[in-house]
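Enquirer: Handing you a structure now.
Just so it is clear, none of the values below were taken in a lab; they were calculated from the coordinates. Predicted, not measured: the structure shown is a model, and the values here were computed from it. Counting neighbours? That spans all protein chains shown, and the Cβs are built from the backbone with ideal geometry, glycine included.
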């Protein structure tokens, strides 16, 4: 058998170890992992110069925008940014315009994505009422997401009882409920154009802690499956750790910004650094880092949330995350602040298992050839003007980082190589939830 491409001179993350090995790919599948000399003949070879090859990275929390928000980001620009950041599988959030809250909107999203994706994409939906969960899943979404502090389309899930009723339904359907955990009763709603300091004050630490507490109590009562998005506080993480020890089925994620930035950057970046939940003090960042290191934070996610510069001047929360995640997290690895194996697991196998992404997260024979090649010897400064995202701003701009993405393979073909999008066609597919149920 002749392979289509051999990746050689590599250090491959295989079954929890780094092997000096190569990978043979035929069409979209891995057909051999072994010494370069033992690989089958291939049409071509990519020598990666001793760089690390990981399973294609997974981001379970991003905002690709499109539709009426395509001026911020569209499916093509967003997934181009994703593969430039080493991500091969994404889960897109439902707070689009129009919002992803009905079976019709799910189907419209699937239709619109086709032919536009550089990587694979599934997505969340938000039910207007618990009894609508089944219809949303049957229409093709991968999981359910709620915003405890706000409504997308008339729904409310801000109390323990409301969350409990929804968890009863998601549990019966066998899917995870993801929550943006902030208690609306503890958040000040002051509209746009806030300073980052005032925005952070009106999104207090206690709002996250109380919301996590409510969601965990509801999960315990419902025997549900809970995922807490972008945890950012010491006590929030602590509550999740205690819940796990009590047998509650809960996972959580952390972002690059909550693991690496403190509110001290407000002075330099101003409203460009506004995000929800907001950036915290050093002790909370240290708690997030510690929890990633010991595995209590299960998943690393970007919360890629692009806006225009004009919108950021009005303090819209969020910033692009795809292209800074690998440089930031693997710089923390190089500096001894995070273990390599924890970071890899949290970007690959753990999100794949939690969200039933059966074709992702593992390098092995027969698996889909979604791969990320990372250079741990590349030192540079983050340059927001070089982002593939439409959003050309970042509170990480100018940071010296010690790692970067060299290549990204989607379905057996390079889509990103040494700083450039190299795929002439968009190889990504829409991941339909009903396939995985």
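Enquirer: Please work out the C-alpha center-to-center distance from the stretch 57-104 to the stretch 366-418 and express it in whole Å.
Expert: Cα centres, the stretch 57-104 to the stretch 366-418: 17 Å.
Enquirer: Here's something else I'd like to know. From the helices alone, meaning DSSP H stretches of at least four residues, give me the mean residue ellipticity at 222 nm for the chain, per-run term -39500 (n - 2.57), in deg cm²/dmol to the nearest 500.
Expert: About -8500 deg cm²/dmol.
Enquirer: Moving on. Is the shape of the stretch 31-126 rounded, prolate or oblate, going by the alpha carbon gyration tensor and its root eigenvalues a ≥ b ≥ c, with a/c under 1.5 for rounded and a/b larger than b/c for prolate?
Expert: Since a/c reaches 1.5 and a/b is larger than b/c, the shape of the stretch 31-126 is classed as prolate.
Enquirer: Right, another one. Considering just Cα atoms, how many Å³ per residue does the convex hull of the chain enclose?
Expert: With only Cα atoms used, the chain gives 124 Å³ per residue.
Enquirer: Would you order 110, 30 from fewest to most other beta-carbon atoms within 10 Å of each residue's own beta-carbon?
Expert: Arranged by neighbour count, lowest to highest, 110, 30 become 110, 30.
Enquirer: Would you please state which residues of the stretch 39-59 a label at residue 365 would reach in this model, taking the label point 7 Å out along Cα→Cβ and a backbone N cut-off of under 18 Å?
Expert: Taking a point 7 Å out along Cα→Cβ of residue 365, the residues of the stretch 39-59 whose backbone N falls under 18 Å are 39-42.
Enquirer: Calculated FRET efficiency, residue 153 and residue 193, Cβ-Cβ r, R0 25 Å, to nearest 0.05?
Expert: That gives a FRET efficiency of 0.50.
Enquirer: In what sequence, highest mean first, do 413-426, 262-275, 367-380, 80-93 appear when ranked by Cβ atoms within 10 angstrom?
Expert: Final packing ranking: 80-93, 367-380, 262-275, 413-426.
Enquirer: Another one. Restricting to the chain, what percent of DSSP beta bridges are antiparallel, rounded to 5?
Expert: Once the DSSP bridges in the chain are tallied, antiparallel ones form about 50 percent.
Enquirer: Say R0 is 41 Å: what FRET efficiency, to the nearest 0.05, do residue 249 and residue 44 get from their beta-carbon distance?
Expert: Approximately 0.35, to the nearest 0.05.
Enquirer: If you take the square roots of the eigenvalues of the alpha-carbon gyration tensor of the stretch 273-313 and sort them as a ≥ b ≥ c, do you get rounded (a/c under 1.5), prolate (a/b over b/c) or oblate?
Expert: Taking the square roots of the gyration eigenvalues as a ≥ b ≥ c, the stretch 273-313 is oblate.
Enquirer: Relative to 2.2 N^0.38 Å, what does the C-alpha radius of gyration of the stretch 250-362 come to as a ratio? Two decimals please.
Expert: 1.10
Enquirer: State, as an integer percentage, the relative contact order of the chain based on alpha-carbon contacts under 8 Å between residues 6 or more apart.
Expert: Answer for the chain is 21 percent.
Enquirer: Would you please give the FRET efficiency between residue 422 and residue 18, computed as 1/(1 + (r/R0)^6) with r the Cβ-Cβ distance and R0 = 22 Å, to the nearest 0.05?
Expert: Efficiency for this residue pair is about 0.25.
Enquirer: With labels modelled as points extended 7 Å from the Cα through the Cβ direction, what inter-label distance (nm, one decimal) is found for residue 242 paired with residue 173?
Expert: It is 3.1 nm.
Enquirer: Oh, and also: How much length, in nm to one decimal, is gained on full extension between residue 112 and residue 165, taken as 0.36 nm per residue of separation minus their Cα-Cα distance?
Expert: 15.9 nm
Enquirer: Residues in the stretch 391-425 near a label at residue 337, defined as backbone nitrogen under 20 Å from the 7 Å Cα→Cβ point?
Expert: Residues 394-405 fall inside that zone.
Enquirer: Ok, one more. Pull out the extension gain between residue 201 and residue 400, defined as 0.36 nm times the separation in residues minus the alpha carbon to alpha carbon distance; nm, one decimal.
Expert: Going from the current span to full extension adds 68.7 nm.
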